1. Can you pull out every residue in the range 196-239 that is under 34 Å from the mean Cα position of the chain (by Cα), surrounded by fewer than 16 Cβ atoms within 10 Å (Cβ to Cβ) and within 20 Å of Trp262 (Cα to Cα)?
2. Considering only helices (runs of 4 or more DSSP H) fully contained in the range 1-115, which possess at least 2 residues that are free of Cβ contacts under 8 Å to residues at least 24 places away in the same chain and in the same structural domain as Val146 (by TED's automatic domain parsing)?
3. Could you check, for the range 97-115, whether at least one of its residues is among the charged types (D, E, K, R), surrounded by fewer than 16 Cβ atoms within 10 Å (Cβ to Cβ) and within 29 Å of Arg186 (Cβ to Cβ)?
4. Return yes or no: is Ser150 among the polar types (S, T, N, Q), out of contact with any Pro (no Cβ under 8 Å at 6 or more places or on another chain) and over 27 Å from Leu306 (Cα atoms)?
5. Going by what's in this entry, would Gly131 be described as under 15 Å from the mean Cα position of the chain (by Cα), buried (at least 22 other Cβ atoms within 10 Å of the Cβ) and under 30 Å from Met339 (Cβ atoms)?
6. If you go through the range 247-259 one residue at a time, do you hit one that is under 30 Å from Gly155 (Cα atoms), charged (D, E, K, R) and touching a residue at least 60 places away in the same chain (Cβ under 8 Å)?
7. Out of (1) under 24 Å from the mean Cα position of the chain (by Cα); (2) at pLDDT 95 or above, what's the single condition that is false for Ala143?
8. Would you point out the residue of the range 252-261, among those that are outside any loop (DSSP other than H, G, I, E, B) and over 25 Å from the mean Cα position of the chain (by Cα), that is surrounded by the most Cβ atoms within 10 Å (Cβ to Cβ)?
Amino acid sequence: MPWPAKNAGLGIAAMSYIAVDYLRHLSPTWHSRLQPVLWSLLALAAVVRVPSYRHWSAEFRSAIPFVTSMLFMLSALLFEALSVRSVTAVLGLDWHRNTPPLPDTGQWFLLALNEKLPSPIVEILRARIIGLHHFLMLFMMLAFSVLFDSVKAPGLGLGARYMFTMAVGRLLRAITFASTILPSARPWCAGSRFRVPAYPHPWAQKYYVPYAKDHDAISRVINLDTAYVDIGKPVSDYQPDWGSMSFLIDFLRPTVSEGPTWYSLLKKAGGGCNDLLYSGHMLVAVLTAMAWTEAYGGFSSALVWLLLMHSAQREIRERHHYTVDCIVAIYVGILLWKMTGFIWSHEAKSSNRSLTKLETIQSRLVQASKDSDIDKVRELLKEIELISEESKDSTGIKHARLFRSATIFFALTIVVLAFTLTSDG
């Protein structure tokens, strides 16, 4: 970890963003005044630095991995949305309402601390200082800081690694929570958010319902290793006409009142209502903290980890997740980030062909100078000039300008849309 950071500007900007955004709870009036000013200043500073940015060739080389990682992440999010709806619907709303939550010693520990700690500290622990959108914006600020040489270029490479790692984490998460369906820490959640059928899916009617609560039946299933109860004709589901997407009906279990399209169901999936092991919010937070620590370091990275721990205890305290969900998300996020260093790394790498050639010539140049071979030195210096000219001409000036403008416009548009089209950024 680079410690201390090259400069404190990024850390100050990040903590200012967190502080100003928290004013929405303390003073909405001042929040409405200061937030547009802060983001306007940050956007203006980024635009002003664009002409003097020197690493556009590296950004250009990272464009394809960036776009590929983004498409991979979107595909993973789609698969996750399908899985969220499926595990919510497969056992029906009656199961969600009647199944008690799992015992959570982490939440018991936090309740015990409420009785022991001074009330001001408890209020700080309860405060909604940071949320999911904050961690996403902190990463956006980190990626943009390549313009100020606070983070090693390319920024698109850092973004590619972030999205690729998140996509892998989301796929693993969906596979995990779809494998074993765990009861929610909020039993009322499914009934208030989803309109899935109250009864189980015909598959669950045959393999789960007859054996769920009878100890003797469970023992017999173990011994026989086969379903032996005849449930008769299972209750059938509503079958809309989804054309080529009709294969999703058995997974999503739509109802008449939810509309005729499958897309409308996925928009309501959100975070799901059974326990989704592990926490997706914490995965995003851990990846942001890991990126911040590796790319920037300094005291601000310690503050990001502190905010992460605050967010984790709030997830448990407010019963959005069990403690195990947050703990697993932390170490899975750390391990995944460590495994994807081949996409972007703070450590210097000589993957550039020009740099490789220069390193080869360097040893020859040193040897020629030791031998006092002036002609050889001149020849090697000419080779260095040719390599530098090739690197400059590798991307045409017009294409470089077009790529530069498109990249900055796209990135700033995403940031603006995040703040205008969502309630909290």
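The values are calculated or read from the model by the stated rules, or taken from the named source; none is laboratory data. The shown structure was predicted, so the numbers you read here are calculated from the model rather than taken from an experiment. When we count neighbours, we look across all protein chains shown, and the Cβ atoms used for this are built from the backbone with ideal geometry, even at glycine.
1. Once the filter is applied, which keeps residues that are under 34 Å from the mean Cα position of the chain (by Cα), surrounded by fewer than 16 Cβ atoms within 10 Å (Cβ to Cβ) and within 20 Å of Trp262 (Cα to Cα), the range 196-239 yields only Ala198.
2. Details: elements: 9-26, 28-49, 56-89, 92-98.
Because the criterion is at least 2 residues that are free of Cβ contacts under 8 Å to residues at least 24 places away in the same chain and in the same structural domain as Val146 (by TED's automatic domain parsing), the helices (runs of 4 or more DSSP H) in the range 1-115 that meet it are 9-26, 28-49, 56-89.
3. Yes, the conditions are met somewhere in the range 97-115.
4. Working: among the polar types (S, T, N, Q): yes; out of contact with any Pro (no Cβ under 8 Å at 6 or more places or on another chain): yes; over 27 Å from Leu306 (Cα atoms): no.
No, not satisfied.
5. So Gly131 does not fit the description; no.
6. Quick first cut of the range 247-259, residues under 30 Å from Gly155 (Cα atoms) only: none.
No: the range 247-259 contains no residue that is under 30 Å from Gly155 (Cα atoms), charged (D, E, K, R) and touching a residue at least 60 places away in the same chain (Cβ under 8 Å).
7. (2)
8. First, pick out the residues of the range 252-261 that are outside any loop (DSSP other than H, G, I, E, B): 252, 256-258.
Cutting the leftovers down to over 25 Å from the mean Cα position of the chain (by Cα) gives us 256-258.
On the way: Val256: 9, Ser257: 7, Glu258: 18.
Selected residue: Glu258.
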